[in-house]
Amino acid sequence: MVERTVRIGSTHGLHARPAKLFTQAVASSGATVTISKSGGNPVNAASILAVIAQGIDHGDDVTIVVDGGDEHVVLDRLVELLSTDHDE
Amino acid sequence: MMNITGTGIGQGVAVGPVVRMAERLPEPVDRPSHLDPEREGERARASLSVVAAELASRGAKAGGAAKDVLEAQAMMAEDPSLIDEVTTRLATGKTAERAVFEAFASYRDLLAGMGGYMAERATDLDDISQRVIAHLLKLPAPGVPSPGHPFILVARDLAPADTATLDLDQVLGLVTVDGGPTSHTAILAREKSIVAIVGAADAASLADGDTVIVDAAGDLVVAAPTAEQIADAKARIAERAALEAAPVTPGSLADGTPVPLLANLGSADGAAEALKLGAEGVGLFRTEFLFLDADSAPSVREQQEHYTRLLTAFAGKKVVVRVLDAGADKPLSFLNDAPEENPALGLRGIRALRHAEVILREQLTALAAADAATSAELWVMAPMIATVEETRYFHALATELGIRVTGVMVETPSAALIADRVLAACDFASIGTNDLTQYTMAADRLLGTVANLQSPWHPAVLQLIADVGRAGAAAGKPVGICGEAAADPLLAVVLVGLGATSLSMSPSALADVRASLARYSQDDAKALAQAALAAEGAAEAKQAAHAAASEITATRAPAP
């Protein structure tokens, strides 16, 4: 199990397209992944509804936990996705 | 045959078979299932994945931004958290329909409670929920049908998203049971030139497959038309196609009197389309969009760039820009901070700008700089002027900041009643008929219950327009019209008869208005105006103008 905290790069936060890209990447990774806003409960990162219901905005810090599969590779990819601005 | 009346949008005609849009499904009853939870679970998962696949394939077909939205919706339909919620409810003995309904509703409420962007996604969840329940019940899915042949769409009303994504090669015409001339459906239909009748209450009785004629100019739907009526409608469709293909010429009356036809635009992006449709300039450029999604006003440089783009597109032509019109139905956080009991009568338009003068100064500075860098003829006007003193204030400030031609919007009865003195203090007037009607009739233009009072044909409104026209003629200053009234081909002639010197409208209305003006001389227009002014109400004024127009056209050869 590996985890890392990352700052959200997308201008409009983790909603709409960025949320879709992120949950798609999680679902295709095959690993069990959770995401939590600082101070919040971890939720299933493969669930677009759970992810957008967190109300994660631009500049928020979130913690990603990856369990199973090629953990480090998956974590690196997800962190890169989250820190990129997809709303440009 | 049977006539169903409603409000026509535009002047088009369409003939075709009816396809009704499925009504919203009722809430599934909460009763114990006679199947076991495993079996109900299979049903639910099967329908969820069918709907997800449907949404994804619609997304792939649509492409662009719609693809992302539809793909996200497809993911929501198969969302693991949602399926957990469904499974939990099935375990208590609920039916798949009810469990799906409740699971979506719980997320819908959660998102709606978060407000803003999240609340909009809540509507998406309702839509997905409806689709899944329809599939479970083997009912047609709600939403715009795609029967595979061109059709006339009949619906209670359309969601803005439905109207925006209508396939115009398939939808020949649109009839809604609800909705008025200022509803979203009407506005979008006008913008996209869809032949439409809104508020046709009796259209609910039409059945799938019925052939109907949608006659927007006549405000009616002809059910079970005769062969002769169909042939007549088809001839009119061909005539209109020829009209659209005709070369665009400057607007003028039959006797050659020029009446410049201008475009209403909300962003520089619409410029090319407006020019293609023959706009001779811009009669109303709304600047709100630059400000609407912002927490603070855009910088002078950002504004200047956009204005330069607009003015460059209309090089050598007139462009009338309205400074920021915030308040009432379009409040801005940095301008309208205090809640008001009656926003339409509150701190809006020039009143709000005076209150936050730095915003007005920056906008005028950006406009003057864009003007200096381009060759269009820039005119700038202020919204919601009610007094001569406000006119003087705006004229002095705009002149100080380098604007060469300044004017006012006439939207309040007060400005119309003292138009001679208002015009003495500026260079031109432009009548905003939507607001002028709202304030003259004391009827909120956003309120459906008083929509019957919201007609620019009312003689009280026409009288005020006549007063402004007369004041403009006496002072030798232009009086334009920039409300939806100018887009009605017959009313456009009446407005010219009342003294309007130019007409500005959605670009899609230009061809019809151009053709209508060419049928009447200046004297004819005055006769139509007098007939309408003398009527006792809006409907009677429209009738009187129609009668006067038929009399004129009957005595001479048909227009080219």
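The values are calculated or read from the model by the stated rules, or taken from the named source; none is laboratory data. The model shown is predicted, which means the values in this text are computed figures rather than measured ones. Quick reminder, even Gly has a Cβ in these numbers, built from the backbone with ideal geometry, and neighbours come from all protein chains shown.
Observations on the model:
- Residue in region B:351-362 that is under 25 Å from residue B:505 (Cβ atoms) and either assigned by TED's automatic domain parsing to the domain that holds residue B:447 or in a loop (DSSP other than H, G, I, E, B) (or both) present: no
- Residues of region A:24-54 that are facing chain B (nearest Cβ under 7 Å) and in a loop (DSSP other than H, G, I, E, B): A:46, A:47, A:53.
- Scanning region B:89-98 for any residue that is within 14 Å of chain A (Cβ to nearest Cβ) and either closer than 26 Å to residue A:54 by Cα or loosely packed, with under 15 Cβ neighbours inside 10 Å (or both) turns up nothing.
- Those strands (runs of 3 or more DSSP E) of region B:233-342 that lie entirely within it include none in which at least 1 residues are farther than 24 Å from residue B:483 by Cα and of a type in the set (S, T, N, Q).
- Flag if residue B:303 is within 30 Å of residue B:208 (Cβ to Cβ) and among the polar types (S, T, N, Q): no
- Filter result for residue B:556 (over 30 Å from the mean Cα position of the chain (by Cα) and at pLDDT below 95): yes
- Residue count, region B:32-46 (criterion: under 15 Å from residue B:92 (Cα atoms), free of Cβ contacts under 8 Å to residues at least 60 places away in the same chain and not in a loop (DSSP other than H, G, I, E, B)): 5
- Residue match in region A:55-65 (condition: crowded, with 20+ Cβ neighbours inside 10 Å, away from chain B (no Cβ under 13 Å) and either within 10 Å of the chain's Cα centre (by Cα) or closer than 23 Å to residue A:11 by Cβ (or both)): yes
- Within this structure, residue B:444 fails the test of being of a type in the set (Asp, Glu), in a helix (DSSP H, G or I), surrounded by fewer than 22 Cβ atoms within 10 Å (Cβ to Cβ) and not assigned by TED's automatic domain parsing to the domain that holds residue B:8.
- Scope region A:7-20; condition more than 9 Å from the chain's Cα centre (by Cα) and either at the interface with chain B (Cβ under 9 Å from one of its Cβ atoms) or part of a strand (DSSP E or B) (or both); matching residues: A:7, A:12, A:13, A:15, A:16, A:17, A:20
- Each residue in region B:450-466 was checked for being hydrophobic (A, V, I, L, M, F, W, C) and closer than 16 Å to residue B:430 by Cα, and 5 pass.
- Among the candidates B:406, B:449, B:437, residue that is in contact with a helix residue (DSSP H, G or I) (Cβ under 9 Å, 6 or more places away or on another chain), within 26 Å of residue B:7 (Cα to Cα) and among the polar types (S, T, N, Q): B:437
- Selection status of residue A:77, of a type in the set (Lys, Arg), part of a strand (DSSP E or B) and more than 9 Å from the chain's Cα centre (by Cα): no
- Taken across region B:9-27, residues that are over 30 Å from residue B:173 (Cα atoms), out of contact with any Cys (no Cβ under 6 Å at 6 or more places or on another chain) and more than 14 Å from chain A (Cβ to nearest Cβ) do occur, with at least one present.
- If you filter region B:47-88 down to residues that are part of a loop (DSSP other than H, G, I, E, B) and within 17 Å of residue A:23 (Cα to Cα), you find that the one that is nearest to the other protein chains (Cβ to nearest Cβ) is B:79.
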